[in-house]
Structures are given as C-alpha cells and as structure tokens.
Amino acid sequence: MARQARYEAAGAIYHVMARGDGGRDVFEDYRDRFKWLERMGEVCEKYGWRVHVYVLMGNHFHLLLETPQPNLVAGMKRKWGSGDKNRQPRLWPDCCMLRDRCLSEVVA
C-alpha cells in the first residue's frame, strides 16, 4: 500500500522529527552535529526554509520550520534522501541512519 502524500503549503509551519534506525545514535559528537547543521543551512538557503527552533538529541532530532513555498518534500529529499550524499555521520558508513522517513506535522 502506498504512503499518503505529505501535506505541503506555502507559509506552513511544520514539526519535523526523525529517530535513528534501531534506536542507534544519529550524532556521535559535536562534529556530526556541526556537519548536520551546516548541511541543513544549505538546504534552508536553497529552498527558502526558516528554522524557528531545532533540537539535536543523540538518537533523534526535532525541527520547527516554515516553508514559504510548498517545497517540504523536495527539501527533505535533498537533506535526508538520496539527494544528500553526506547524510550519514561517521558512525553510519554503509547504512541509512534514520529509522523511517521523517515525521512532519503541520502546526500552523
């Protein structure tokens, strides 16, 4: 059965969250976090996203982000999908770091 398409809207604010596969850590140390934030900045610049707040925990992360254009899916694919060749930190050399696709809920 196919997944339901994500809701996208211009000006929407989303809570985006993802956990590490098997409960494993997504970030090993500050270098992984800095690399993740740097890449997130690139995606935000490319797609015009505004991150209002973020939390990077050891095995998961949360974002509250706004999309001026309806481009959440395109940006998420770029950041966490096949379009991001740098998505695995050092501790994930040969497998996907995220348990499943990212959760995204519209909050405003």
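Before we move on, is Arg78 surrounded by 13 or more Cβ atoms within 10 Å (Cβ to Cβ), modelled with pLDDT under 80 and either β-branched (Val, Ile, Thr) or not in a loop (DSSP other than H, G, I, E, B) (or both)? Answer is yes for this residue.
Taking (1) over 21 Å from Glu8 (Cβ atoms); (2) in a helix (DSSP H, G or I) in turn, Cys44 satisfies each apart from (1).
Just one of Glu8, Glu38 is on the phi < 0 side of the Ramachandran plot, surrounded by 13 or more Cβ atoms within 10 Å (Cβ to Cβ) and among the acidic types (Asp, Glu); which is it? Give the steps one after another, and end with the answer.
Details: Glu38 fails: surrounded by 13 or more Cβ atoms within 10 Å (Cβ to Cβ).
The conditions single out Glu8.
Listed by first and then second residue, the pairs with beta-carbon distance under 9 Å, at least 6 apart or on different chains, first residue in the stretch 38-52 and in contact (Cβ under 8 Å) with a residue 40 or more places away in the chain, second assigned to a loop (DSSP other than H, G, I, E, B) and surrounded by fewer than 13 Cβ atoms within 10 Å (Cβ to Cβ), are Arg39/Asn86. Evaluation of Gln4 against the conditions (1) in contact (Cβ under 8 Å) with a residue 12 or more places away in the chain; (2) assigned to a loop (DSSP other than H, G, I, E, B) shows that the sole unmet condition is (1).
Selection of the stretch 10-35 for residues being within 13 Å of the chain's Cα centre (by Cα), within 21 Å of Glu105 (Cβ to Cβ) and either β-branched (Val, Ile, Thr) or in a helix (DSSP H, G or I) (or both) yields Val16, Val26. Applying the criterion of being surrounded by fewer than 21 Cβ atoms within 10 Å (Cβ to Cβ), out of contact with any Lys or Arg (no Cβ under 7 Å at 6 or more places or on another chain) and touching a residue at least 40 places away in the same chain (Cβ under 8 Å) to the residues of the stretch 64-75, the residue that is farthest from Ala9 (Cα to Cα) is Leu64. Applying the condition of being of a type in the set (Val, Ile, Thr) and out of contact with any Leu (no Cβ under 7 Å at 6 or more places or on another chain) to the stretch 27-56 and asking which residue is nearest to Pro68 (Cα to Cα) yields Val43.
The values are calculated or read from the model by the stated rules, or taken from the named source; none is laboratory data. In this text the structure is predicted, and so the values were computed from the model without any measurement. Here the Cβ is made from the backbone with ideal geometry for all residues, glycine too, and neighbour counts use every protein chain on show.
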